[in-house]
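Below is one structure; the comments refer to it alone.
The values are calculated or read from the model by the stated rules, or taken from the named source; none is laboratory data. In this text, all values refer to a predicted model and were calculated from it rather than measured experimentally. In this analysis, Cβ positions are derived from the backbone assuming ideal geometry, glycine residues included, and neighbour counts consider all displayed protein chains. Accessible surface areas use protein heavy atoms only, side chains included; no ligands, DNA or RNA. Shrake-Rupley method; radii C 1.70, N 1.55, O 1.52, S 1.80 Å.
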Amino acid sequence: IMNAFLESLPKDTRLIFLRRYWHVDTIAEIAESIADLEENAIAVSDECDKIKGYSVYTTQLLRCSSSIGANIFEAKYSQSELDFINKFEIALKESYETEYWLELLARKSKISAEVHNMLRNRCGSIRARIIASIKTAKGIK
């Protein structure tokens, strides 16, 4: 009965339902995770605007950090459950790549340790939610 109910829901509604009632996320936590994606992309963009002489690094950082939210947004309109999971897995890979470029810029002293830690922590928090969503979609507890 529960599977039939879940399958009847649109994918974005199903994801929110599962986060709310399976993972027992509060409505505030769900809203915060969506806002985190937007804030993370803006924060990375703002930092990249300040860095001079490392355009290859900052371009890559902007691409992968903005791709996280873009893939999750695209997953709402996926063609199948497998496509949905694939979009989230791409977002997961992009979060790891974002951390790579942040680490590289920090080692080159192009961003401060404080900024590096703040952005890395945001990325880690987003990644944890992506992993939870992938596990839910795959039926893994």
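Calculate one ³J(HN,Hα) per residue across region 87-92 by plugging θ = phi - 60° into the Karplus curve 6.51 cos²θ - 1.76 cosθ + 1.60, and present them in order as whole Hz with x for glycine and proline.
My calculation for region 87-92 gives 4, 5, 5, 5, 4, 4 Hz in order.
Across region 37-83, how large is the tail of the calculated P(r) beyond 13 Å, expressed as a percent of all Cα pairs?
The answer is 59 percent, as a whole percent.
Report, by chain and number, residues whose modeled amide H sits under 5 Å from the one on I111, excluding near sequence neighbours (fewer than 5 apart, same chain).
A106
For L61, what is the net charge nearby, where nearby means another residue's Cβ is under 9 Å from its Cβ and Lys, Arg count +1, Asp, Glu -1? Don't jump to the answer; show the numbers that get you there.
On the way: positive: R63; negative: E47, E97.
Within the 9 Å Cβ shell, the charges total -1.
May I ask for the distance between the Cα centers of region 103-141 and region 73-96, given as a whole number of Å?
That distance is 17 Å.
If you plug each phi of region 61-74 into the Karplus form 6.51 cos²θ - 1.76 cosθ + 1.60 with θ = phi - 60°, what whole-Hz ³J(HN,Hα) values come out, in order, with x for Gly and Pro?
Result, ordered by residue: 4, 5, 5, 6, 5, 6, 5, 4, x, 5, 5, 5, 4, 5 Hz.
Can you give the alpha-carbon Rg of region 86-141 over 2.2 N^0.38 Å, where N counts its residues?
Values: Rg = 13.3 Å, N = 56, 2.2 N^0.38 = 10.2 Å.
Taking N as the residue count of region 86-141, the ratio is 1.31.
Which value, in Å², gives the accessible area per residue of region 53-114 when a 1.4 Å probe is used on the protein heavy atoms?
Each residue of region 53-114 exposes 57 Å² on average to a 1.4 Å probe.
Among the lysines in region 54-141, how many pairs, 8 or more places apart or on different chains, have alpha carbons under 22 Å apart?
For region 54-141, qualifying lysine pairs total 11.
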